[in-house]
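Have a look at the structure below, then the notes.
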Amino acid sequence: MKNILEKIIRPIKNINSKYENFVTNSKLKYICQFLPKNIFLLIFFIVLLSIFIPKLLTNEVISLNTSIIHETYKLEKEKPVSTNLDVSENNIKKADYLMTEIIEFTDYKNKYNIKMYENDNIIYEKNFSIKGKETVNKKKFNIKKIKFNSKNKYKLELTPIDVDNVEVLVDSSNKNLKVYFINNSPFKKIVIGASIIFLILFLFINYLINNEKIKSENKFAILMLTYIVPLMIFIPPFQVPDGIYHFYQSYHLGTYKFDQKIGKYLNERKENIPTNLECLNYGSIQELNNVPNKKNIKSCFKDTHKYKQHIAPALLNSGNTLYYLPAALIIRIVLIFTANPIIIFYMGRIVNFIICFLLLLKAIKVTPKYKNLFIVIGFIPLCIQQMISYSYDGLLNACALLSVAYFIKFYTSKEKIEKKDKLIYLFTAFVLLYLKRVYFVLVPLLFLIPSKKYKKGMKEKLLFIGGTIVLSAIFVYGTTALFSIGKVELPTNPTHVSDIDSARQIQFLMKHPMQLPKVAYHTLKFCLRNYMKEMIGVLGWLNHILPSSVIQSFYIAFILLVLASKSIFKKLKEKIYVLLLVCMSAGAIFLAMYTGWTTVGAYYAIGIQGRYFIPLLLPTLMCFMPKKEILKIKDNTVYTYLNMMLLVLTVFIMISYY
């Protein structure tokens, strides 16, 4: 196997060496200093430019606040599904395209017909089939030549001519076909200008990297601050799953009155908020499509000095209240000076980012091995999104990496384990158990550390591992009890229980234990590809997907960095042990979602998202590292790649939201 890899790698190295020599000795060397020194990264950069330049020039947005509360409807041959079109708004009259979503579950070449009626007359008709290979296909129709008149009635009708296993999205309220009007973004010129500025920044940072103008330990921080700080501003509020709930939980805790019982207060949903705070939810998350509107955004900058009573969208879970304290504290301080919604929201977001950034920076400094792998995982687009949100997933990912960094240090260091390192590791264990119990299985990695690394040998080793488990449990359940004082349990929603019931699901599994492997198999068969995409580049509310080439490049980077790393494990059984721990954690995630989020007896688990596997990524990759390095990758190559990915992410975010 090693010889085969060497035969593949050798010609690749030769090609890159010739390119580097050409760059060094040619008349273009001054220009090339601003470009990737690796020829394959340069080619990839050109490919990315060819993908994103057309997207920039044709930056489009949905021009109507269309409801996203929908359901699927199965198409039957020659049975049309239709919707009435409201063209009363001016931006609809100027729309360039009309779009609908068709869900195909087969490779059969389905055929469709679409008609648009003005009153009773057909003004647009087209026969078409779907060429894409995706399950969900967004089909656009050019309607630039149609002149809408608000006095007339318009109807769109989709008729399946010859179909097999196809569904479309329909409005849940009236079963009408879901359609979207699309036109140019009002932020198009701003996005193009900002993209040019970031391209110049990319070239400048590349120049610094190529000429060793930045110290190695500062490259991570410079990349992080150059791109992530602007992204903190560009990504609108509540653009991560459950983001709106995390914010209101922080706000609710930040306005706590100390004369009340904490559990009772957290149980209440009523609170006073600035009258215009809801403008942060400018696209009515989970209700309407996000539509960038300059007036709505400007309204968020006003301090009305007025408050109103508000019912929070969700109750605060006393099991993770402690996480919200930093953001809650800063919100409480901000409210003393201003009720400006933008300042309130972004100050909390900044605090969460600083905490995650410092923990990630600590992990990179602590680990004696695999620094580049830590950095690439830290710069996964989804990790960045979580890091600059109110979600606790950012803290969870950072603490998982810090935990593994200390494990590597304990395992490889020739020195004895120090008390301060034990305390920091204990903190990461607290966080893992406190936020998501399923990741606490990473703690048993400590059993792999030789007893001689402890000053008092085996006795101290067992005491440290046992103490970590016991103290973490006391901390978690103690704080949960503290924040539950005075809490009143509310009745469960009976509709929810009839569809999804954990007790009944567990009873079902106990009666049919052999069903569990089948469910696991079907879940992986249908969803594994989606998990891999989601873990890297499915952003927002799972509705903004990075190009496949970008997502795939991260997996290529992981493979190359694994081949460029020497395993710290001396025995195969150690790798098997780590892999078993990872599988246990993944299995716990699967079981939790199957029992808690899936209808009783379903043949696959729902609710599992790719982000749940990020904390397990590094331990998994460590299990596949060779005994000796198969190839060498320069640090500058890694930083150049990340510089490219961050540029891509920044431009992608601006195009997606504006």
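The values are calculated or read from the model by the stated rules, or taken from the named source; none is laboratory data. In this text the structure is predicted, and so the values were computed from the model without any measurement. In this analysis, Cβ positions are derived from the backbone assuming ideal geometry, glycine residues included, and neighbour counts consider all displayed protein chains. Side chains are part of the model used for accessible areas, which takes the heavy atoms of the whole protein and leaves out ligands, DNA and RNA. Shrake-Rupley method; radii C 1.70, N 1.55, O 1.52, S 1.80 Å.
Among the listed pairs Lys365/Lys634; Lys419/Lys453; Lys27/Lys215, those with a Cα-Cα distance over 24 Å are Lys27/Lys215. Checked against a 31 Å cut-off, the cross-linked pairs Lys138/Lys632; Lys369/Lys420; Lys111/Lys147; Lys257/Lys422 give Cα-Cα distances beyond that limit for Lys138/Lys632; Lys257/Lys422. Only Cα pairs under 8 Å and 6+ residues apart enter the sum, and on that basis the relative contact order of the chain stands at 15 percent. Taking 0.36 nm per residue of separation and subtracting the current Cα-Cα distance, fully stretching the chain between Phe337 and Lys109 would add 75.9 nm.
Extension gain for Glu212 to Ser17 (0.36 nm times residue separation, less C-alpha to C-alpha distance): 68.3 nm. Between Ile31 and Ser150, the simple spin-label model (points 7 angstrom out along Cα→Cβ) gives 5.3 nm. Probing with 1.4 Å while keeping every protein chain in the model, the per residue accessible area of the chain equals 50 Å². Computed over the chain, the P(r) curve from all C-alpha pair distances, binned at 10 Å from the origin, holds 3, 13, 22, 25, 21, 12, 4, 1, 0 percent per bin. By the Kirkwood approach, averaging reciprocal distances over each pair of separate Cα atoms, the stretch 507-658 gets a hydrodynamic radius of 17.9 Å. Counted residue by residue at 0.36 nm each, then reduced by the alpha carbon distance between them, the extension gain from Glu157 to Ala602 reaches 156.8 nm. Of the accessible area of the chain, computed with a 1.4 Å probe over protein heavy atoms only, carbon and sulfur atoms account for 61 percent.
Take the residue pairs Lys74/Lys533; Lys270/Lys306; Lys175/Lys511 and return only those whose Cα atoms are more than 28 Å apart. Beyond 28 Å between Cα atoms: Lys175/Lys511.
When each of the peptides 431-442, 574-585, 40-51, 141-152 is scored by the mean number of other C-beta atoms lying within 10 Å of its residues, the order from highest to lowest reads 431-442, 574-585, 40-51, 141-152. Under 5 Å from the amide H of Thr275 lie the amide H atoms of Lys306, Tyr307, Lys308, each residue being 5 or more positions distant or on a separate chain, with H modelled from the backbone and absent for Pro and chain starts.
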